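Note sheet for the following structure.
The values are calculated or read from the model by the stated rules, or taken from the named source; none is laboratory data. Quick caveat: nothing in here was measured; it's all calculated off a predicted structure. Cβ placement follows ideal geometry from the backbone for every residue including glycine, while neighbour counts extend to all protein chains displayed.
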Amino acid sequence: MTFDIEQANRGLMTLSFIFAKCNYGATDMIWIYKKGESDVLEKCIAFADEKMKKERAERIILLTDDDEVDVFQEFICKVMCSEQDIEDLIAWYMVGHPYNNIMIISLIYPEGRNGRKWIGKGYSFESICKHGLLRI
Amino acid sequence: MNVDDVLRAVLKKIKKSELLEGKSIVIFGVNNYLPIILNDLYKYSIIGIFDNSVSKQGKYWDYKVIAPTAENIDVDNTVVLIASKYYEQMKEQLLSLGYKMKNIIQLLNFIYVNWLVYDFNTSTTRYYLGKSIYDKYKDENKILLFPSKSLGDAYLPLRYMNIDNYVDYKVLVCSGVIKRMLSAVGFYNVDVLAEDEILCLQRYYALHRAEIENICYVHPVLRDGRLIDIDLEVMVSKEHAFWEYYGDVVLNNHIFLPSKEEISFNADKKRVEKLFSDLSLIPNKTVVLAPYAKSLREFPICFWVKLSEELKKRGYSVCTNISGDEAPIEGTIPLNCKIEDFKEIMKMAGNAVFIRCGLCDIISDINVKKVAIYRERPFPYGLCSFFEINDMRKGHVDDDVVQLLFDEECYENTINEILTNF
C-alpha cells in the first residue's frame, strides 16, 4: 500500500468518528479488518477471548468493509465502514503511533506483513496468528 | 491538525451516517466548540441548547439556552450532541431525565482525541524529519543503515555478510565507536548521525520499504514503533534466537548461519604486544573481565572482586575492560583499549568473563576461553526472556561460549561455576 500522509490524516478523523459512534472507552479494543483475509479474521476471532483477557478488555470493536463477516460473540461489536475508510485507517495506523488496543487483523499490512511466507517454515498458521499477530 | 479539525470531521461523518436521520437535535454545553457545531449543522432541526450554568442560559445566536430538561421534548426522537470534557456527568444527567443512551452522542472523546492528535502530530513531524534525512542520501547508490547504538548489534550482521560486497556502500550509524569498528573492518564511507535522526530515518524507511531500494537495513527489528514484519516477530519468539535466519530474512542473501571465519579488525599487533608488556600481562594466562553492559543490570561489585581474587589464586592476570568513566574492579588492571585492538588483545589474553554485552558478540568468532553471564529480565516485547533472545549458542553465533545465568540468591554459586572453566 502506498503511504499517503493525507490519507493517514483522514484515517485519524475516521477513528475519531468511530470513537464518537461507539462510545469508545479504556476497556475497548479496535480491530481493523480489510476484506480478503477471512481465514486470518476467523482465526483471530477464535483467539479473541484469550486476547481480551490478556489486554483486560471488555469489548472488541471490529471495523470492516466486509459485509460477509458474521460475528456471533457478544463481546465483538461489528461496525461497517467503507473501503476508503478502512484504507485511511490503515494509513493512519502506519504513520501514527501504534497502540496495544488498536490493531490490524492482517497478514499483509503491518504488523502481520509477510506472515504467510512463514507457513511451512516450521510455523503453523495458528501460531502466526496467535503469537505473531495477536501477541498472545 | 488540531481538535477543531477532528470535530469538523466527526460532524461530517455523522451527517453522512444515519445517526441524525429524522431526529431533532439538542446540543449540550455552551463552549468553544458550540459555534463549530452550530455552523456545521445549521440545516438540521436544532431545537435548543442545554447548559447547567445559569449565567450561560438565555440566548446564543438565535437559539434558546436552557437547563437540561425532558419537558416538551420527544426524548425518543431527539439526539443530544455533547462536545465537552464533562461528558460522563452530562450523560448521567440526561439518562436520569429519560433520554435514551443511543440518542446521546459524544462528539469528542477528549481523553482519546487529544491523545490521538498529539501522537499523530508528533509522528508526522518525525516522519518529515526522516524524509529530509532520506532526501539527503537518496542519490547514494547503496546504503547500509545500522539503527542500533549497540556494538554487538552492529557487529553480528557482519558475520552474515560477504563484507567485500558491501565496502563501497554508504554506511549510516549513530555511534562513533561503531564507525571506528566498521572502519577497522574495511568500510570507509561511514557517516555518524544523531540517534534521533537514525530513528526517524528508519521509521521513514519502514513506511516506504516497498519503494526504497537503496537502503539495506541492518537489524532484525525496527525500533521506535511496532512496524515489524511478523516473520521477525516470530523469529524472536520462543522458537528461535534473535539472529537466527538473519542473513536470509534481513539481508536476503540466503546465508542462514554466521560465518565461522574471523572478521579481522586490522589491529596494530605491535601496539598490543607493547600493551601486554607495559601492563606485565601474561599471554594466554590473562582473564579480561567485562562487568558493564547497556542492556543488563550490573552484577554486585563484590561478585567481580571475589571472582578476580579466585582467578589470581589460580595464576591468572586479571584485567577489567573499561571505557569512559567506568571504574576497574578493585585489584584488577584497567584495560582501556581501542576497539580496533580489542580482538587482538582478547586473543593474546586467551580468557574472557563477560556480562552478556555486545563485546560477547565481538569475540564470538575468535578462539579463546569465553564465559558469558546472563541476568534474567523480561524482554520488552514480552515474547521471551533476555536469555532466550540473546542465546549465542542457539543461532550458532558462538558454539564455544560457556553461558551461565547469574544466581541472584547466592553469587558464590556463579563464581564456582565460572571457576570450573579455569
Which numbered condition A:E126 fails, given (1) acidic (D, E); (2) touching a Lys or Arg at 6+ places or on another chain (Cβ under 8 Å); (3) outside any loop (DSSP other than H, G, I, E, B); (4) at pLDDT 90 or above: (4)
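For every residue, the table says whether it meets (1) within 30 Å of B:C360 (Cβ to Cβ); (2) part of a helix (DSSP H, G or I).
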| site | (1), (2) |
| --- | --- |
| B:G130 | no, yes |
| B:E140 | no, no |
| B:D153 | yes, yes |
| B:L199 | yes, yes |
| B:Y204 | no, yes |
Right, B:N72: part of a loop (DSSP other than H, G, I, E, B) and either modelled with pLDDT under 90 or not charged (D, E, K, R) (or both) or not? yes
Meets criteria (among the aromatic types (F, W, Y), away from chain A (no Cβ under 14 Å) and crowded, with 16+ Cβ neighbours inside 10 Å) for B:Y86: no
Enumeration of residues in region B:75-113 that are of a type in the set (A, V, I, L, M, F, W, C) and assigned to a strand (DSSP E or B): B:V79, B:V80, B:L81, B:I82, B:I104, B:I105
Could you tell me whether region B:52-64 includes any residue that is in contact with a Phe, Trp or Tyr (Cβ under 7 Å, 6 or more places away or on another chain) and either among the aliphatic types (A, V, I, L, M) or under 24 Å from A:N9 (Cβ atoms) (or both)? no
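Report, by residue number, each residue of region B:283-302 that is within 14 Å of B:T320 (Cβ to Cβ), part of a loop (DSSP other than H, G, I, E, B) and not aromatic (F, W, Y). Walk me through how you get there before you give the answer.
Pass one, region B:283-302, residues within 14 Å of B:T320 (Cβ to Cβ): B:286-293, B:298-299, B:301.
Filter once more, so that each one left must be part of a loop (DSSP other than H, G, I, E, B): B:291-293, B:298-299.
Once the filter is applied, which keeps residues that are within 14 Å of B:T320 (Cβ to Cβ), part of a loop (DSSP other than H, G, I, E, B) and not aromatic (F, W, Y), region B:283-302 yields B:P291, B:A293, B:E298.
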For region B:105-144, the count of residues that are at the interface with chain A (Cβ under 7 Å from one of its Cβ atoms) and acidic (D, E) equals 1
Say whether the condition of being part of a loop (DSSP other than H, G, I, E, B), more than 27 Å from B:Y411 (Cβ to Cβ) and β-branched (V, I, T) is met by at least one residue in region B:338-347. no
Can you give me the number of residues within region A:14-55 that are part of a helix (DSSP H, G or I) and free of Cβ contacts under 8 Å to residues at least 24 places away in the same chain? 8
Of all the residues that make up region B:287-308, how many are surrounded by 15 or more Cβ atoms within 10 Å (Cβ to Cβ) and within 21 Å of B:M346 (Cα to Cα)? 10
